[in-house]
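The values are calculated or read from the model by the stated rules, or taken from the named source; none is laboratory data. The shown structure was predicted, so the numbers you read here are calculated from the model rather than taken from an experiment. Cβ placement follows ideal geometry from the backbone for every residue including glycine, while neighbour counts extend to all protein chains displayed.
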Amino acid sequence: MTDRYAVVGNPVAHSRSPSIHARFARQTGQDIEYGRLLAPLDGFVEAVERFRDAGGRGLNVTLPFKLEAFAWAARRSPRAQAAGAVNTLRFDADGAFGDNTDGAGLVRDIEARLGLPLAGRSVLVLGAGGATRGVLGPLLEAGAARVTIANRTAARAVALVDQFVMSAPAQATAAGAPPGPGAPLRERLRGCGFDGIGGGFDLVVNATSAGLAGERLPIDDAVLAGAALAYDMFYSARETAFVAQSLAAGCPRACDGLGMLVEQAAESFLVWRGVRPLTAPVYEALRAELAAEAG
Ligand code: ATR
């Protein structure tokens, strides 16, 4: 029997997830069907329960429902717990399992497709909203030596760091280790405003929504020029504002978040089906699809 999955969100019509999962299913020979589920803004739980009761096996959750999905899930993975948000639901016999594959998707895209190992690196993340919280744990787990979170509203970055450090498992904050991947979390994480960024970053990740309005971020060119890679968590058929800003500033390499989208989807597919699809051909196909649409 064909197993049913979907992406639930509002809006959801633009989502590329059905196209990605259809390709994964064909490639792996899995008998699944993957659609779109538009939930009313005040009707997330009802929509999910109706989908589950009709035989649905799992859902991807997108904006604005990731926090509600977290609250609704009966069980959560440690990475969902750290993110405080759920983007993947699997309906098990003993209740709904909530996971978060966003950060793993980012790390995998950077390390595997772009070839930049994160161990020992100094990372700057711009923004302090849900997108940032979702990727902090996986960046640290991948071994980033330092992660600086810079936000327009500095207090929000500082609060995010405090909250993350407070809620981290005890062993991750064990004192006595030298600076680096094994050091106390408090020494590896820093929150600040755009005016307190400093320098010396290997990687700069944009997790703000500034690009949606085409806005430039008030970051010194030298910060971007000194990084090996600038990564925009958002993607677009055309060059994103942050990719354009980074390249103009002299950063040798900049890319958008299409690869992250494909990788988080692959990780969800693994959670549901126990099989990890190959992502490179799907990324290439999607990039070509986007380019064709842009004309
Ligand atoms: P998400 O869950 O997608 O991260 P969010 O919680 O609304 O969304 O967070 C949006 C992030 O983008 C915030 O860090 C926000 O900065 P503030 O906390 O100061 O609001 C940031 N952001 C949005 N528009 C921005 C802009 N024009 N310039 C800089 N940062 C911006």
Checklist (1) near the ligand (Cβ under 10 Å from one of its atoms); (2) in a helix (DSSP H, G or I) applied to Leu139, failing item: (1)
Residues that are surrounded by 14 or more Cβ atoms within 10 Å (Cβ to Cβ) and under 16 Å from Gly9 (Cβ atoms), drawn from region 39-62: Ala39, Phe44, Val45, Ala47, Val48, Phe51, Gly56, Gly58, Leu59, Asn60, Val61, Thr62
Meets criteria (at positive phi and modelled with pLDDT under 95) for Gly200: no
Where Leu41 falls short, out of the listed (1) touching a residue at least 24 places away in the same chain (Cβ under 8 Å); (2) farther than 18 Å from Ala96 by Cβ; (3) in a helix (DSSP H, G or I): (3)
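Would region 107-115 turn up any residue that is within 16 Å of the ligand (Cβ to nearest atom) and at pLDDT 95 or above? Write out each step before concluding.
Filtering region 107-115 for residues within 16 Å of the ligand (Cβ to nearest atom) gives none.
No, every residue in region 107-115 fails to be within 16 Å of the ligand (Cβ to nearest atom) and at pLDDT 95 or above.
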Which listed residue is closer than 27 Å to Leu286 by Cβ, of a type in the set (Val, Ile, Thr) and not assigned by TED's automatic domain parsing to the domain that holds Arg287, from Thr88, Thr132, Thr28, Thr62: Thr132
Search result, residues across region 108-145 that are within 21 Å of Leu278 (Cα to Cα) and in contact with a strand residue (DSSP E or B) (Cβ under 6 Å, 6 or more places away or on another chain): Leu116
Single condition Arg90 does not satisfy, out of (1) in a strand (DSSP E or B); (2) under 14 Å from Phe164 (Cβ atoms): (2)
Some residue of region 222-229 being of a type outside the set (D, E, K, R), assigned to a helix (DSSP H, G or I) and touching a strand residue (DSSP E or B) at 6+ places or on another chain (Cβ under 8 Å): yes
Residues of region 93-132 satisfying the condition of being under 24 Å from Phe65 (Cα atoms) and assigned to a loop (DSSP other than H, G, I, E, B): Ala93, Asp94, Asn100, Thr101, Gly127, Ala128, Gly129
Residue check, Leu258 crowded, with 19+ Cβ neighbours inside 10 Å, at pLDDT 95 or above and in contact with a strand residue (DSSP E or B) (Cβ under 6 Å, 6 or more places away or on another chain): no
Boolean, Val123 is in contact with an Asp or Glu (Cβ under 8 Å, 6 or more places away or on another chain), in contact (Cβ under 8 Å) with a residue 24 or more places away in the chain, outside the structural domain of Ala280 (by TED's automatic domain parsing) and under 23 Å from Leu258 (Cα atoms): yes
